[in-house]
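This report concerns only the one structure given below.
The values are calculated or read from the model by the stated rules, or taken from the named source; none is laboratory data. Since this is a predicted model, take the numbers as computed values, not measurements. When we count neighbours, we look across all protein chains shown, and the Cβ atoms used for this are built from the backbone with ideal geometry, even at glycine. Note: accessible area is taken over every heavy atom of the protein model, side chains too, but ligands, DNA and RNA are not part of it. Shrake-Rupley method; radii C 1.70, N 1.55, O 1.52, S 1.80 Å.
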Amino acid sequence: MNTRFRIEKLFFNLGSWAYRHRSLALLISLTLLFTTLLPLRTLRFESSILQMFHHTDPARITYEEFREQFGKDDNLLILLQADSLFDQTFLKSLHEMHQRLEREVPHLKKITSLVNVRRTYGQDDRLIVEDLMKKVPTSQSDLESLRQNVVLNPLYKNFLISQDAASTVIIIEPKVNRKLHTTSQATKPVDTDEYIEMYAKVRQIVDPYQDRGVVIHYAGQPVLSAVLHDAIQQDLRKLGPLSLGLVMIILALLFRRVTGVIYPLLVILASILSTLGTMAALDLPMTNISSGIPTFLVVIGLADSVHILAVFYKFYQECGDKHTAIAKAFGHSGLPVLLTSLTTAAGLFSFVTADVSWVADFAKIVPIGVFFAFFYTVLLLPALLSLFPISPPKQKTKERSAFWDRNMSKLGNLTTHHPWRMILVWSLLLITSLLGFSKIYLSQNSMKWFPENHPLRVATYEMDRQFKGSVNLEVVIDTGKENGLYDAELMHKMERTIQEFESKQIGSMQLGKAVSVTTVLKEVNQALNGNQPSFYTVADTDELVAQELLLFEMSGSDDLEHWVSTDFRIARMTLTKPFLDAVKYVEALSQIEAHFQENYPDLKIATTGMAMLFTQTIYRVLTSMAKSYPLALIIITLIMIILVGRVKIGLLSMVPNLVPILIIVGWMGLLDIPFDFSTMLIGSISIGLVVDDTIHFLHTFSREHTQKGDVHQAVYATLTTTGRAILITSLTLAAGFFVYTTATLQNFFYFGLLTGTTVLVAMLADFLLVPALMAIVFRNGADQHP
């Protein structure tokens with residue numbers, strides 16, 4: 001108790017000092033703000049999945065080696081549907097599209113369509129490899145010949161034309177950008193900004209052809225990146241100001257003072273800017289995960305400043321002296337603000353061991369932001385309060401305060417006189433929610449963030465339906481020796497693998513097209529044997545395999561470099577798969593890897609590609625965060641025990657912290673809401689906010705109970721001071737979060753709904769459950785020192 005009293009006295013003196021030396025306190029605050037702002041212009045943004053992996057991560061290294069050897073694998077897909085693909089009008093449109101796309105699309109490495117896809121055949125003992133359609137056929141016989149060549153060529157099925165030959169695809173492969181990051185020697189992939197530029201140009205060229213009776217869909221990772229980026233920006237541009245405006249309105253209604261609106265916002269703004277500047281100074285990038293930092297700091301900064309302001313206004317109303325009110329407010333709430341900062345920072349820092357670099361970076365920078373919020377609250381806020389005049393309380397304000405006190409007295413009596421009834425109500429609510437725990441599941445399907453009729457979602461569904469996949473999985477087969485691919489047995493084994501993968505379901509998905517160097521060998525073998533379909537097979541001897549690869553290489557086509565390394569040591573196999581929930585890919589990928597380990601024991605096999613990285617990333621993020629939450633709660637529990645000074649009360653204090661989170665998690669299961677990136681972020685915000693309010697409540701209760709020795713009086717004193725701040729922060733934050741339920745994207749909707757609900761449930765737990773627990777523990781005046 002003596003230690004706590006001394007710390008409270010230090011905060012009392014700090015508030016008094018800031019009042020008397022307001023100019024110096026303001027100067028220190030502004031100096032820190034401008035110092036941390038200086039590096040802000042160097043803050044960089046990372047949106048590539050590759051950047052989510054640490055530079056030493058084997059998965060990242062494997063993909064960088066693949067990309068260096070074969071280029072990128074995340075293609076932009078243009079799905080075209082027409083009454084007839086082999087109508088001269090459509091083919092003319094296709095040819096025009098192809099030529100313009102090839103000339104005008106930025107960041108383009110290669111474009112493939114029915115215009116330039118290779119056609120391999122034999123003529124007069126010569127191997128000929130040429131573009132399928134050098135010019136648009138004019139006669140009916142030429143059109144029919146083209147149709148026969150396309151329909152009968154196994155390569156084109158589920159690659160460029162659908163199974164029913166009613167649709168075709170233009171495949172646009174982005175180039176690898178050779179610019180280097182300052183922090184890495186790895187080549188940088190095409191980022192979201194370049195995808196946006198590429199997609200915009202594609203739309204500009206292709207969209208007008210819809211007027212010619214062509215149905216057009218756009219799919220693939222570049223389209224998803226561009227559309228998702230645009231949707232997020234549109235939602236944030238709408239929701240950010242709307243949420244901020246509503247927060248200001250709620251603060252104004254509850255505080256009835258301009259200072260009660262402006263000062264918390266200044267604390268929040270300074271905290272966010274200093275944190276982002278520090279990120280830049282530490283060379284930590286802004287990512288999809290760290291983009292949640294401003295939202296998190298709004299929660300922390302608002303809670304810290306409102307807890308001070310609410311008590312300040314009450315004391316100012318009682319004494320009428322601003323200096324005394326500031327000092328008393330800091331003596332009352334300064335220590336719990338510090339304690340909440342410590343627990344929040346410690347809980348978040350537990351995520352620093354995550355396998356995903358973005359999560360680890362988030363855990364590094366957010367605790368720093370928490371202490372920026374604390375610093376500006378205890379130094380900038382009192383300086384602002386002392387610097388500008390504040391009108392004395394009006395009679396109506398005193399009447400509202402008296403009304404609040406009367407109702408808080410009734411609430412305190414209800415909880416402390418009937419604690420077991422209150423415990424029973426919360427227990428029933430918790431038990432009901434726990435029924436949903438068996439239905440909780442991990443998921444990450446960004447396509448479901450969009451409405452069902454969204455063009456991207458429709459396009460991806462069409463690609464998966466007609467072509468059995470829109471995403472590539474890459475398998476790299478390394479023989480370990482030069483010319484190791486001149487091996488007929490290996491080629492036959494690869495062909496059996498392709499046939500097996502194309503013919504059966506793997507895990508929860510059906511693979512689509514599978515292509516490798518064996519496709520080239522089958523085409524050449526057929527061409528050299530009179531173009532007879534029965535010879536569309538892999539040659540039986542090593543010598544024939546070597547000769548056929550050499551003949552194809554000499555034909556003038558550069559397609560071979562897409563499938564093998566120049567020294568014929570490494571081969572690439574591309575498996576097309578549908579766009580599904582990333583978590584569902586885990587089982588399928590495990591079976592694919594097991595197949596190669598079993599059937600290619602002497603070779604070095606690596607599964608990679610952006611789809612593989614995405615699956616690993618999502619799974620790592622979700623599992624890492626799921627593991628880190630219990631660790632965070634354990635750390636917070638230990639800190640609570642140390643802060644309270646007793647194991648019993650420290651453990652008991654975690655009940656109102658855990659109950660709201662468990663209730664919301666149970667509701668997620670009952671409402672079929674998955675755990676994904678967005679809902680995982682709710683956990684970190686909820687832990688910080690729930691623990692903060694509980695610490696404030698218990699700290700004030702502890703002091704009041706020590707002084708008065710009566711549970712009822714201590715609860716009443718707590719509810720009329722700290723309870724007022726908890727109500728204001730909870731209502732304000734809940735309103736701000738509920739605004740997100742108007743978002744276009746479903747992930748924002750769930751984020752706003754669940755976070756806002758958690759805030760309100762946590763507030764009710766502090767008002768109803770905590771007093772009941774305290775009444776039971778300290779009944780009959782026992783145990784005077786919690």
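Which pairs do you get when a residue that is under 16 Å from Ser341 (Cα atoms), found in segment 633-656, comes within reach of a residue that is at pLDDT below 70 and surrounded by 19 or more Cβ atoms within 10 Å (Cβ to Cβ), reach meaning Cβ atoms under 8 angstrom, with the pair 6+ apart or on two chains?
The qualifying pairs are Val644/Pro786.
Let me confirm something: among Leu246, Leu265, which residue is closer than 27 Å to Leu731 by Cα and without any contact (Cβ under 8 Å) to a residue 24 or more places away in the chain?
The conditions single out Leu265.
Name the pairs: first residue in segment 578-593 and within 17 Å of Gly220 (Cα to Cα) and modelled with pLDDT under 85, second residue of a type in the set (D, E, K, R) and open to solvent by 40 Å² or more (accessible area, probe 1.4 Å), Cβ to Cβ under 9 Å, at least 6 apart or on different chains?
Hits for this filter: Asp581/Lys448.
Within segment 312-350, which residues are buried (at least 19 other Cβ atoms within 10 Å of the Cβ) and among the β-branched types (Val, Ile, Thr)?
Across segment 312-350, the qualifying residues are Ile326, Val337, Thr340, Thr343, Thr344.
Tally up the residues in segment 703-752 that are in contact with a Gly (Cβ under 7 Å, 6 or more places away or on another chain) and among the β-branched types (Val, Ile, Thr), please.
Count: 3.
Mind checking which pairs have a first residue in segment 433-462 that is more than 15 Å from Leu224 (Cα to Cα) and touching a residue at least 60 places away in the same chain (Cβ under 8 Å) and a second that is open to solvent by 50 Å² or more (accessible area, probe 1.4 Å) and part of a loop (DSSP other than H, G, I, E, B), Cβ under 8 Å, 6 or more apart or different chains?
Gly436/Leu671; Lys439/Asp672
When only residues in segment 705-717 that are on the phi < 0 side of the Ramachandran plot and modelled with pLDDT under 85 count, which is most open to solvent (accessible area, probe 1.4 Å)?
This residue is Gln707.
State all residues of segment 606-624 that are hydrophobic (A, V, I, L, M, F, W, C) and open to solvent by 50 Å² or more (accessible area, probe 1.4 Å); if no residue qualifies, say none.
Scanning segment 606-624 gives a single hit, Phe614.
Any residue at all in segment 423-445 that is buried (at least 21 other Cβ atoms within 10 Å of the Cβ), within 30 Å of Leu26 (Cα to Cα) and not acidic (Asp, Glu)?
no
For segment 718-727, does any single residue satisfy the condition of being more than 29 Å from the chain's Cα centre (by Cα), surrounded by fewer than 23 Cβ atoms within 10 Å (Cβ to Cβ) and in a loop (DSSP other than H, G, I, E, B)?
no
For segment 117-129, does any single residue satisfy the condition of being under 38 Å from the mean Cα position of the chain (by Cα), closer than 27 Å to Gln532 by Cα and touching a residue at least 12 places away in the same chain (Cβ under 8 Å)?
Yes - at least one qualifying residue is present in segment 117-129.
Which members of segment 30-61 meet the condition of being within 15 Å of Arg620 (Cβ to Cβ), assigned to a helix (DSSP H, G or I) and open to solvent by less than 70 Å² (accessible area, probe 1.4 Å)?
Those that are within 15 Å of Arg620 (Cβ to Cβ), assigned to a helix (DSSP H, G or I) and open to solvent by less than 70 Å² (accessible area, probe 1.4 Å): Ile49, Leu50, Gln51, Met52, Ala59, Arg60.
Tell me, yes or no, whether segment 517-524 has at least one residue that is within 24 Å of Lys109 (Cα to Cα) and either in a strand (DSSP E or B) or of a type outside the set (Ser, Thr, Tyr) (or both).
Yes, that holds for at least one residue.
Of all residues in segment 269-311 being without any contact (Cβ under 8 Å) to a residue 60 or more places away in the chain and under 29 Å from Arg724 (Cα atoms), which is least open to solvent (accessible area, probe 1.4 Å)?
Pro294
Tell me, please, whether a residue that is more than 32 Å from the chain's Cα centre (by Cα), more than 20 Å from Leu658 (Cβ to Cβ) and open to solvent by 10 Å² or more (accessible area, probe 1.4 Å) can be found in segment 730-751.
So far as segment 730-751 goes, no, none of its residues is more than 32 Å from the chain's Cα centre (by Cα), more than 20 Å from Leu658 (Cβ to Cβ) and open to solvent by 10 Å² or more (accessible area, probe 1.4 Å).
Just to be sure, is Ser565 small (Gly, Ala, Ser) and in contact with a Gly (Cβ under 9 Å, 6 or more places away or on another chain)?
Answer is no for this residue.
Taking segment 525-549 on its own, how many of its residues are charged (D, E, K, R) and either in a loop (DSSP other than H, G, I, E, B) or open to solvent by less than 50 Å² (accessible area, probe 1.4 Å) (or both)?
First pass over segment 525-549, keeping only residues charged (D, E, K, R): 540, 542-543, 548.
Still in the running and either in a loop (DSSP other than H, G, I, E, B) or open to solvent by less than 50 Å² (accessible area, probe 1.4 Å) (or both): 540, 548.
Here the count works out to 2.
Being part of a helix (DSSP H, G or I) and surrounded by fewer than 18 Cβ atoms within 10 Å (Cβ to Cβ) is the filter here; which residues of segment 96-107 pass it?
Hits for segment 96-107 are Glu96, Gln99, Arg100, Glu102, Arg103, Glu104.
List the number of the failed condition for Gly469; all other conditions in (1) touching a residue at least 60 places away in the same chain (Cβ under 8 Å); (2) farther than 18 Å from Ile592 by Cβ; (3) of a type in the set (Gly, Ala, Ser); (4) open to solvent by less than 20 Å² (accessible area, probe 1.4 Å) hold.
Evaluating Gly469 over (1) touching a residue at least 60 places away in the same chain (Cβ under 8 Å); (2) farther than 18 Å from Ile592 by Cβ; (3) of a type in the set (Gly, Ala, Ser); (4) open to solvent by less than 20 Å² (accessible area, probe 1.4 Å) leaves (2) as the failure.
Please specify each residue of segment 358-376 satisfying the condition of being open to solvent by less than 10 Å² (accessible area, probe 1.4 Å) and modelled with pLDDT of 80 or more. Spell out how you get there, then give the answer.
Initial filter on segment 358-376 (open to solvent by less than 10 Å² (accessible area, probe 1.4 Å)): 358-360, 363, 365-366, 369-370, 373, 376.
Once the filter is applied, which keeps residues that are open to solvent by less than 10 Å² (accessible area, probe 1.4 Å) and modelled with pLDDT of 80 or more, segment 358-376 yields Ala360, Ala363, Ile365, Val366, Gly369, Val370, Ala373, Tyr376.
Just to check your reading of the model, which residue among Ser167, Ser139, Ser113 is hydroxyl-bearing (Ser, Thr, Tyr), more than 37 Å from the chain's Cα centre (by Cα) and either surrounded by fewer than 19 Cβ atoms within 10 Å (Cβ to Cβ) or at pLDDT 90 or above (or both)?
Just a single option satisfies the conditions, and that option is Ser139.
In segment 250-277, how many are at pLDDT 90 or above and either within 29 Å of the chain's Cα centre (by Cα) or farther than 18 Å from Ser386 by Cα (or both)?
14
Can you find a residue that is within 26 Å of the chain's Cα centre (by Cα) and open to solvent by less than 10 Å² (accessible area, probe 1.4 Å) anywhere in segment 379-391?
No - not one qualifying residue is present in segment 379-391.
What's the number of the only condition in (1) within 23 Å of Ile423 (Cα to Cα); (2) without any contact (Cβ under 8 Å) to a residue 12 or more places away in the chain that Phe749 fails to meet?
Of (1) within 23 Å of Ile423 (Cα to Cα); (2) without any contact (Cβ under 8 Å) to a residue 12 or more places away in the chain, only one is false for Phe749: (1).
Residues that are open to solvent by less than 10 Å² (accessible area, probe 1.4 Å) and at pLDDT below 85: does segment 763-781 have at least one?
yes
Quick check: anything in segment 493-501 assigned to a loop (DSSP other than H, G, I, E, B) and either open to solvent by less than 60 Å² (accessible area, probe 1.4 Å) or closer than 30 Å to Pro674 by Cα (or both)?
no
For segment 554-568, state whether one or more residues are open to solvent by 50 Å² or more (accessible area, probe 1.4 Å), farther than 23 Å from Thr607 by Cα and assigned to a helix (DSSP H, G or I).
yes
May I ask you to say which residue of Lys522, Lys493 is touching a Phe, Trp or Tyr at 6+ places or on another chain (Cβ under 6 Å) and modelled with pLDDT of 95 or more?
Details: Lys493 fails: touching a Phe, Trp or Tyr at 6+ places or on another chain (Cβ under 6 Å).
Testing whether each residue is touching a Phe, Trp or Tyr at 6+ places or on another chain (Cβ under 6 Å) and modelled with pLDDT of 95 or more leaves just Lys522.
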